[in-house]
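Rule-based calculations on the coordinates, nothing more; no lab input. Just so you know, these numbers come straight off a predicted model, no measurement behind them. Don't worry about glycine lacking a Cβ; one is built from the backbone with ideal geometry, like all the others, and counts go over all protein chains shown.
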């Protein structure tokens, strides 16, 4: 669905300048939306619906985006809030978490999937709950603690604590294997 069609669906027809800015913004953030959707939805049709809902919410919020946060940080925050709300509203729960490989394939992962260590890490991350998987995705994407906190609505200290706990858990699971 095009950005213009999304704007029409959201019942908001902006002026031509806003349309162009939003289309450019949405195109620049498209991969972020798909990364989040791949984490929260297993079914392809659901993922497309979720991405559409994220884009609609971005459109509705676009006028209030003031640039204090980086565009990708703001997009992650909106996208994750929409994804969590979507899941709660629809009552959808993934019985088996979606392998993180999908999100990394979409994101052009920064680490090599061919190494045993990378495969082990992905397997361990797949076992985390949704919020911790999202936290690890942002961490592996290179966001700092403050940026992750901005996206997830937590303090940088809380993010650091949670990351340390996740890392310790993953490390202990790795030692067991």
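Extension gain, residue 174 to residue 28, is 48.9 nm, computed as 0.36 nm per intervening residue step minus the present C-alpha separation. On the beta carbon distance between residue 123 and residue 65, with R0 = 45 Å, the FRET formula returns roughly 0.75.
A simple spin-label model places the labels of residue 146 and residue 20 3.4 nm from each other, with each point 7 Å out along Cα-to-Cβ.
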